[in-house]
């Protein structure tokens, strides 16, 4: 459909309404999505933006009264449970069987009234966590959630539920019906039921006169639901009748949804609307059939639930917190020579689907307090919630800064920068495999695995004033702690503005969670592995700064802004004249501490980084995760190898795991590229680590040999 001869918004909207109204109202129309867009007309006379000017407030049913929680550590409750298993749980399937039996017995639900959405077993304590959704008439109840925890002996530890307890109603069996046909249940639900049949539903607004109810209470199709949210947002909508034939998809978590044909299951394409027929549990205790509409726009993602009975919007959730941050952009290092930029909505919607800030109904939503990071100025005499954070009612964190002044005078800018970098690192590492199941740092894991409640707890301007930066990592499920002080000098430098150091510290958290697994502590606590931990952190902090204009001979210095000097023995470069470090340097006293060992390891990795760029090319944006490019491949195989490493690996084991990780990539056929990188810095095939009686306990024998199959003509 095209607009013709329309020159003002009202005329255009009239045409849209007329056009949409021309569709026949039946269940055979093959339209399963729509596009809502903000710029629709651009000609010589007019240019319109259909961006809503009003504030869109989010809301959802409050199920506080309906929520049920059982903590079976309570002796009174335990005495009233008819069975306690005391049976070892060998795997998650055993735990699921126990949970099913408990739900049948205690809550009275049958197996066809819920579905397991996610489950996993924690290795260090054997506790199984099972997450379920309620199912009514073959459709999920969107906010009908149940989680149950089973200990390793098969005992139910706790259970929380917002399941709707229905009266006996018509339970038409959808199990043998194609998922695509389930929408017909929603489309005809109100028509085939008389008002007296709305058992368990809120009938306050339904006329008691059957004939009148049928005439006034027309069912709502998905097209109508899309029109309703379009009007609510103040945006235009266009149905594409050619491309939106019903298309069923399944995402990585086996959730079925419908979207426009050919769209990527996990991408967020501007204007796409995914939809699903579901139920919604209301505050009244009733349920209502709804359309679950996920509207994905470039700068915002909305989740609407529209009643299929009367078109009421019963819930709105924003998956995006519109925000801007004036910061030293990710990939820059020295604030003294870098101009800050205003970064608008920089979050990655896959890594941070609900954005970086708390939900809008949380009083801390307008501060540097979110799902991935809690950032505040350190205060010894304040509780955490009361520590200072910048507040922005419109999420515009844009503050002045004068680096010649005291850090207290620009604390808002400092905290904004720290919050931004932590979140950028979270989203970047997510792309490379540091996700929920791998033990990343999030308050809410969205039922994707791993343990929740562990965002990065970051404190700026710790009082030591000694230039210290610390990152403390616990096992998955406990918050890591990032502590940054200031660096005494003239003027005083605030480390929370030094992106090199922030990224270095955050990478400690990544390596600590990945090496040995997220639930295992102390897998980087011997001298070699601690040194490699420092090396990984330097490596990541440096490579995120590399641009198309740099070469392998460019010299990078880590953390120069804070200290005013190079804290490492040499700059990072592959030029041996500027950085001569090789594997043999580990025998020198200067390199026997963890930072010295780390410098050698990072130098070796940096050599590999540039050789892979030579082999595969360069991507200007690491976050785009183009695994055909050399710099992306380098970071990917370092992360992949961390997952392969045994607890407390040494340099040779780490080298071998990196090569294994490379060979398992589609582009990783020529591992000689990496062998030559390692050999050039002394970690070739004949390199050895010998136990000796000296103070360090190790002697490092370097080698420049490569496998015989590797062509020596490509060595340089």
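The values are calculated or read from the model by the stated rules, or taken from the named source; none is laboratory data. Computed from a predicted model, the values in this text were never measured in an experiment. Every residue, glycine as well, gets a Cβ built from its backbone with ideal geometry; the counts of neighbours run over all protein chains shown.
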In this structure, is residue 428 more than 10 Å from the chain's Cα centre (by Cα) and modelled with pLDDT of 95 or more? no
Does the range 95-115 contain any residue that is surrounded by fewer than 18 Cβ atoms within 10 Å (Cβ to Cβ), at pLDDT 85 or above and within 16 Å of residue 447 (Cβ to Cβ)? yes
State all residues of the range 545-566 that are within 21 Å of residue 470 (Cβ to Cβ) and modelled with pLDDT of 90 or more; if no residue qualifies, say none. 558
Can you tell which of 457, 484 is within 14 Å of residue 559 (Cβ to Cβ), in contact with a strand residue (DSSP E or B) (Cβ under 6 Å, 6 or more places away or on another chain) and not assigned by TED's automatic domain parsing to the domain that holds residue 545? 484
Checking 415, 364, 384 in turn, the sole residue that is assigned by TED's automatic domain parsing to the domain that holds residue 454 and at pLDDT 90 or above turns out to be 415
Among the residues of the range 154-168 satisfying the criterion of being more than 20 Å from residue 92 (Cα to Cα) and surrounded by fewer than 21 Cβ atoms within 10 Å (Cβ to Cβ), which is modelled with the highest pLDDT? 165
Which of the residues spanning the range 362-390 are loosely packed, with under 12 Cβ neighbours inside 10 Å and assigned to a loop (DSSP other than H, G, I, E, B)? 363, 380, 381, 383
Test each condition in (1) buried (at least 23 other Cβ atoms within 10 Å of the Cβ); (2) assigned to a loop (DSSP other than H, G, I, E, B) for residue 528 and report the one that comes out false. (2)
For the range 116-153, which positions are farther than 28 Å from residue 285 by Cβ, modelled with pLDDT of 80 or more and part of a loop (DSSP other than H, G, I, E, B)? 153
Quick one: would you say residue 393 is surrounded by 14 or more Cβ atoms within 10 Å (Cβ to Cβ), in a loop (DSSP other than H, G, I, E, B) and not assigned by TED's automatic domain parsing to the domain that holds residue 148? no
Has the range 436-453 got at least one residue that is surrounded by fewer than 19 Cβ atoms within 10 Å (Cβ to Cβ) and closer than 17 Å to residue 541 by Cβ? no
From the list 430, 446, exactly one residue is under 30 Å from residue 148 (Cβ atoms), part of a helix (DSSP H, G or I) and touching a residue at least 12 places away in the same chain (Cβ under 8 Å). Which is it? 430
In the set 584, 611, the lone residue that is touching a strand residue (DSSP E or B) at 6+ places or on another chain (Cβ under 9 Å), over 16 Å from residue 654 (Cα atoms) and outside any loop (DSSP other than H, G, I, E, B) is 584
Restricting to the range 100-119, name every residue that is within 15 Å of residue 138 (Cβ to Cβ) and under 31 Å from the mean Cα position of the chain (by Cα). 113, 114, 115
Qualifying positions in the range 550-595 - touching a helix residue (DSSP H, G or I) at 6+ places or on another chain (Cβ under 6 Å) and closer than 19 Å to residue 503 by Cα: 556, 558, 559, 562, 568, 572, 594, 595
Quick count over the range 278-305, residues being at pLDDT 85 or above and assigned to a loop (DSSP other than H, G, I, E, B), is 2
Just to be sure, is residue 423 buried (at least 19 other Cβ atoms within 10 Å of the Cβ), within 25 Å of residue 335 (Cβ to Cβ) and either under 13 Å from the mean Cα position of the chain (by Cα) or free of Cβ contacts under 8 Å to residues at least 60 places away in the same chain (or both)? yes
Output the number of the condition that residue 512 fails; it satisfies all remaining conditions of (1) crowded, with 24+ Cβ neighbours inside 10 Å; (2) in contact with a helix residue (DSSP H, G or I) (Cβ under 6 Å, 6 or more places away or on another chain); (3) part of a helix (DSSP H, G or I). (2)
Kindly indicate whether residue 402 is surrounded by fewer than 22 Cβ atoms within 10 Å (Cβ to Cβ), over 23 Å from the mean Cα position of the chain (by Cα) and not in a loop (DSSP other than H, G, I, E, B). no
If we keep only residues of the range 306-361 that are outside any loop (DSSP other than H, G, I, E, B) and under 22 Å from residue 448 (Cβ atoms), then the residue modelled with the highest pLDDT is 315
Sole exception among (1) in contact with a strand residue (DSSP E or B) (Cβ under 6 Å, 6 or more places away or on another chain); (2) assigned to a helix (DSSP H, G or I); (3) farther than 22 Å from residue 401 by Cβ for residue 501, by number: (3)
With the structure loaded, tell me whether residue 421 is closer than 27 Å to residue 489 by Cβ and in a loop (DSSP other than H, G, I, E, B) or whether it fails that test. no
Only one of 489, 477 that is under 27 Å from the mean Cα position of the chain (by Cα) and in a loop (DSSP other than H, G, I, E, B): 477
Being on the phi > 0 side of the Ramachandran plot and either touching a strand residue (DSSP E or B) at 6+ places or on another chain (Cβ under 7 Å) or at pLDDT below 95 (or both) is the requirement here; does residue 595 meet it? no
Helices (runs of 4 or more DSSP H) contained in the range 620-716 and holding at least 2 residues at pLDDT 85 or above and over 30 Å from residue 352 (Cα atoms): 651-663, 672-680
